[in-house]
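Comments concern the structure below.
Just so it is clear, none of the values below were taken in a lab; they were calculated from the coordinates. Being a predicted model, the structure only gives us computed values, none of them experimental. Using ideal geometry, Cβ is built from the backbone for each residue, glycine included, and neighbour counts are taken over all protein chains shown.
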Amino acid sequence: MSKDSIQNRWLSKFKHQNPFIIAGPCSAETEEQVVQIAQELKDSEVSVIRAGIWKPRTRPGNFEGVGAIGLNWLKTAKVETGLQTATEVANPYHVELALKNEIDILWIGARTTVSPFNVQEIAEVLRGTNKTVLIKNPVNPDLSLWIGAIERFLNQDVKNLGAIHRGFSSYNNSTYRNVPEWQIAIDLQSEFPEMPIILDPSHIAGRRDLIFELCQTALDLNYNGLMVETHHNPDKAWSDSQQQITPQTLLKFLSELKVRKQHSDDVNFSKDLEKLRAQIDVMDDKLMEVLIDRMQIADKIGGLKKEHNVAIFQPERWKQILEKMIEKGDGKGLQKEFILNLYKAIHQESIAHQQKIIHKN
Ligand code: PEP
Ligand code: MN
């Protein structure tokens, strides 16, 4: 099947509810808790209540979910509120129980997406299903693993697929619990342009105060939905208490978020945009020419170092360049992290050029 015809099969329902909202606790704790949260979320833009039943904690000893009994509680919440239900499945047994309990949306967790063995097993038991299956990004920043998981479901003729962007682990300290790496999600969207993508700001942020701005960024980037961890008493939540918000806070956020249109028919808008885009195109050409010239100088440096048998990498020089460029860009509205990443990439390419010269006979 061609990629185009595959993409025509993507679930369109997210596209019509802009944005599509899934909310609910990190974990189902008691029947009262699940039902109360669902009650507070119904009669709003929220379409689906989520709750984790089997909780894959990073380290053992933490609360690891109530197990299958929680599926009954989700069912009760559905009957009492009319909300659809969503939970995470991590193996074929979870899938079997979730289907038996009429869970509407199954999601594949970040720790499952990393394992093609697990993904394949789950995809096979879901062969041909009409259920909605949402695939979280893997914990590590590996676009291919994410794409691979989606392809495994496509190969099993699972039609109603979507992606959830929940950020990526990093060893470095960061503002975020899981760094967003927006570019990876943007690259996924380029790979599957028609596939709905949902942001999970809760697992990216790890803390409440970042949730709103993450949601707004997602809407600015044309995401189709949000999955937000929501608890009636977040501080007392049995898991992920720092990042959960109350249903009231979520509803307030939803009323304040700006939903962007994909296009505008306004003639002036189109003209202005075209003009600016033409300027950007000129800049991009210039940028590319400068980079090509820069690499030609790197080639010459490579030749000189070869002649004098000097090592390619000169830490002092690298440090100086970085400091100078950060200082230059910082005051002009460029983020330090951006300059760092840009220069790391340029430096790497420059080293590769010099290596080629040095190893040339
Ligand atoms: C969750 O959504 O509760 C969860 C465990 O998420 P993740 O797989 O993104 O860590
Ligand atoms: Mn959680």
Problem set entry | Percentage relative contact order, region 267-358, counting C-alpha pairs under 8 Å, at least six apart | 42
Problem set entry | residue 147 versus residue 311: modelled label distance in nm, points set 7 Å from Cα along the beta carbon direction | 3.6
Exercise. In terms of modelled amide H atoms, which long-range or inter-chain residues lie less than 5 Å from the amide H of residue 246?
Worked result: 231
For this session: Can you pull the one-decimal nm distance between simple spin-label points at residue 265 and residue 44, each 7 Å off the Cα toward Cβ?
Result: 3.4
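When only C-alpha pairs under 8 Å and at least 6 residues apart count, what is the relative contact order of the chain, in percent? Provide the component values of the computation, followed by the final result.
Values: 570 pairs, mean separation 51.3, N = 361.
With pairs under 8 Å counted, the relative contact order is 14 percent.
Can you tell me the length gained on complete extension of the stretch residue 18 to residue 174, counting 0.36 nm per residue apart and subtracting the Cα distance?
Numbers: separation 156, 0.36 × 156 = 56.16 nm, distance 3.06 nm.
Taking residue 18 through residue 174 to full extension adds about 53.1 nm, to one decimal.
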Seminar exercise, completed: Between the Cα axis of helix 116-125 and the main Cα principal axis of the chain, the angle (0 to 90°, nearest 10) is 40
Seminar exercise, completed: Between the modelled labels at residue 233 and residue 252 (7 Å from Cα along Cα→Cβ) the distance in nm is 2.0
Exercise. Each residue of region 234-244 in order: what ³J(HN,Hα) in whole Hz does its phi give by Karplus 6.51 cos²θ - 1.76 cosθ + 1.60, θ = phi - 60°, with x for Gly and Pro?
Worked result: x, 4, 9, 4, 7, 8, 6, 5, 5, 9, 8
Problem set entry | Dipole in debye (nearest 20) - region 3-256, about Cα centre, beta carbon charges: Lys, Arg +1; Asp, Glu -1 | 280
Exercise. Once amide H atoms are built 1.01 Å from N in the peptide plane, which residues 5 or more positions from residue 168, or in another chain, come under 5 Å H to H?
Worked result: 179
Problem set entry | Alpha-carbon centroids, region 273-341 and region 205-268: separation in whole Å | 37
For this session: Calculate one ³J(HN,Hα) per residue across region 98-110 by plugging θ = phi - 60° into the Karplus curve 6.51 cos²θ - 1.76 cosθ + 1.60, and present them in order as whole Hz with x for glycine and proline.
Result: 5, 5, 4, 9, 6, 5, 7, 10, 10, 10, 9, x, 4
Exercise. So what are the ³J(HN,Hα) numbers for region 88-96, from phi and the Karplus equation (6.51, -1.76, 1.60; θ = phi - 60°), rounded to whole Hz, Gly and Pro as x?
Worked result: 8, 10, 10, 7, x, 5, 4, 4, 4
For this session: Please give the FRET efficiency for residue 293 paired with residue 220, using the beta carbon to beta carbon distance and R0 = 35 Å, rounded to the nearest 0.05.
Result: 0.50
